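Notes for the one structure printed next.
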Amino acid sequence: MADYYTLLTNGGIAYETACKAAGVPIKLAQISVGDGNGAVYNPDANAKALKREVWRGPLNALFQDEKNANWLMAEVTIPSDVGGWYVREAGLWTDTGILYAVVKYPESYKPVLATSGSGKEFYIRSIFETSNASIVTLLIDDTVVKATRAWVMDYLAKGTYSKAEIEAMIAKASALPVGVMVPFPLGTVPPGYLELDNSLFKDDLYPDLAAYLARKFNVSGDAAGYTRLPESRGEFFRGWDHGRGMDPGRTIGSYQADAFKSHTHTPPNQTGINSAAVATGAKSLGGNTYDTLYNVGFTGDTETRPRNLAVMWCIKAWNAPINQGTIDIAALAALAAQATELNQGTAKVATAVQMLDSANDLVMITPKKLRLGFAASFTPTGYFVFPSWLGGLVIQWGAVEYQTDGDSLLAVSFPVEFPISVLYADWTVESGILSSVIGSYVHQVTKKGMYLTCDKQVSSVATVVARWFAFGR
């Protein structure tokens, strides 16, 4: 890893995941800087705040890297009238107050004129990677975001715009208004737009667009709570006449069928045809038929059209600063927080080490890991082995033949070795000969096995089936 870098936090990743699932943009609003509590440090993905924040302000710009589609660059200029501290860390914040990313920043002093004798604007750029940079948007507060002094002075020096005009342009350059139609040369609808394909959308998803269109293009039978988009596929756009008189009687947003303008054709001079006679409506002149001369067919296409380029017309559906749709931002913030018994938030998948930590209540166990350490054999000589995170209990059983002569020991090997110790072991014989048995005994129990013996009242030797049982951990 580089010496200085930007790290997405776990809270930021969870917020991004929630936004993707809900189909809403990721909105970054502010950046903060801190002094690292006196030292440069390596950021932690679990961080929810900077070590020690010294300044916070709105982001000036957020743009995509030209060479890497998943890299975003966030920029801010700290004003010259604040400072007197070192910058060693920075944080990017969502509009809901979640620390989205934390920056390990090279130690730099930010002076302020009042105490340092000099002052300067301080420029910070953070480069970070996200899984889909196109859904990350910049939330602009028009009242506080400003360009750098050098950028403004460059324009002022040219004398083209006043300072007020420049500041107004900067403030209004963050987003196109909802309802604007934009042509795109590719068939992919960009984030924030909908294709003008006469389809219906749910008003709750794009309330600003629904309010703007006001169901103008809806037709009888459309469900309540839905707005229909206009149809642009295969259509040419024409400027609304709006009182000029070139295309009178039209309402804005209305469709118009194709047509030919009324006109006449003057035929060339033909042998045997008198133009005066033609004008009187004669049908046959000089041996030629009038209809034959005038009803001339031309081979062509199915429509009259100019040269053109096929584009996909889209309409702006939402702007990050104002449109939240039906998404509960408080719920998103809760979802991005650590999951607990009281909060249905986000938790990581447990590693094998974390799963074995019985005190860890902050991770999730997958079905695959639920079987980690578990084993079983359902044969006549079998066993259950429970994983250590469930106590590590081992249960074993079996059956062997044994001659009850009262002297010999029968060695029994366990199917699996007990990892730690045997807690209990015993055995019994078939019920048919119990009356002749004084007692059965277990000897020399180890983790690998044990010895069995029993006493019999008669001198004859009997063969019995010894059924044994043991458990431990």
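Values quoted throughout were computed directly from the atomic coordinates according to the rules given, and no laboratory measurement underlies them. Note that this is a predicted model, so its numbers are computed, not measured. Glycine gets a Cβ as well: all are built from the backbone with ideal geometry, and neighbour counts include every protein chain shown.
Data overview
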read-out	value
Long-range amide H partners of MET364 with built H, under 5 Å	LYS348, VAL349, ALA350
Over region 71-115, equivalent-ellipsoid semi-axes from the Cα gyration tensor in Å	23, 13, 10
Percent of Cα-Cα distances greater than 14 Å, calculated over region 15-62	65
Translational diffusion of region 1-112, µm² s⁻¹ [Kirkwood Rh, Cα pairs; Stokes-Einstein; 10 °C; 1.306 mPa s]	109
FRET efficiency estimate (nearest 0.05) - Cβ-Cβ, ALA347 to SER80, R0 41 angstrom	0.40
For ALA61, residues with placed amide H under 5 Å, excluding near neighbours	GLU75
Length added when fully stretched, ASN70-LYS448, from 0.36 nm per residue minus Cα-Cα	130.3 nm
Placed amide H near ASN218: partners under 5 Å, 5+ positions off or other chain	ARG228
In order through region 104-109: 3J(HN,Hα) via Karplus (6.51 cos²θ - 1.76 cosθ + 1.60), integer Hz, x for Gly, Pro	8, 10, x, 4, 9, 8
Residue exposure sequence - TYR100, TYR4, TYR226 - by fewest surrounding Cβ within 10 Å	TYR4, TYR226, TYR100
Peptides 389-396, 358-365 ordered by average Cβ neighbours within 10 Å, highest first	389-396, 358-365
Förster radius 60 Å - calculated FRET efficiency between LEU186 and GLU53, Cβ distance, rounded to 0.05	0.90
Sorted by Cβ density within 10 Å, fewest first, the residues SER126, SER174	SER174, SER126
Pairs from LYS20/LYS51; LYS202/LYS369; LYS51/LYS369; LYS48/LYS369; LYS48/LYS202; LYS27/LYS202 whose Cα-Cα separation, in the structure shown, is over 31 Å	LYS202/LYS369; LYS51/LYS369; LYS48/LYS202
Likely footprinting exposure, VAL102, VAL219, VAL412, fewest C-beta neighbours within 10 Å first	VAL219, VAL412, VAL102
Relative packing of peptides 196-202, 244-250 - highest average C-beta neighbours within 10 Å first	196-202, 244-250
Peptides ranked, highest mean first, by Cβ atoms within 10 Å: ranges 79-92, 36-49	79-92, 36-49
